[in-house]
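In what follows, a single structure is set out as structure tokens and then discussed.
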Amino acid sequence: MTRTLLAAACVLLGLGAVALAQDPAAIDAGEQLYDEHCASCHGEKLRSTGAMPDLRELRADARARFDQMVMNGRGQMPPWQGVLSKEGLDQLWAYVRSRARQPGDGGRTTYSALTISSVIFLASPNSIMVLSR
């Protein structure tokens, strides 16, 4: 049973590997930068009002586009070159990606579940919960 539980935990850790692999300190620092520089237009906690793009929709492969838009500006968005450092840009990206929507989830948190014996493992992109019946 112990091996089975360990294997199940490894599977669930793999499901959330992208978010778990990010540095929590970078995510926290990115959130502070977002609150200071971005929230007034893009919405508190990345909740867009619809007037500006929803940054939670950015896919992992959009990093170069993100960097270019943040540093050089676009449309009504001012350039942040000279305000944000490379490290700050990395932290901001870590925060945005930590809150990214999964394809087809409509903004809801998607959970994967695995039940072994009387233990239930739930995994979302940002957390793992172990429940015992």
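Report the full-extension gain for the segment D23 to Q102: residue separation times 0.36 nm, less the Cα-Cα distance, to one decimal in nm.
Values: separation 79, 0.36 × 79 = 28.44 nm, distance 1.96 nm.
Net length gain for the segment: 26.5 nm.
Exactly which trypsin sites (Lys or Arg not before Pro) in the range 30-83 are in a DSSP loop and have at most 15 other Cβ atoms within 10 Å?
Details: sites: K45, R47, R56, R59, R63, R65, R74; in loops: R47, R59.
Hits after loop and neighbour filter: R47, R59.
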Exercise. Leaving out ligands and nucleic acids, note down the accessible area per residue over the range 44-107 with a 1.4 angstrom probe, in whole Å².
Key: 62 Å²
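The values are calculated or read from the model by the stated rules, or taken from the named source; none is laboratory data. As the structure is a computational prediction, the values presented were derived from the model and not from experiment. Glycine gets a Cβ as well: all are built from the backbone with ideal geometry, and neighbour counts include every protein chain shown. Note: accessible area is taken over every heavy atom of the protein model, side chains too, but ligands, DNA and RNA are not part of it. Shrake-Rupley method; radii C 1.70, N 1.55, O 1.52, S 1.80 Å.
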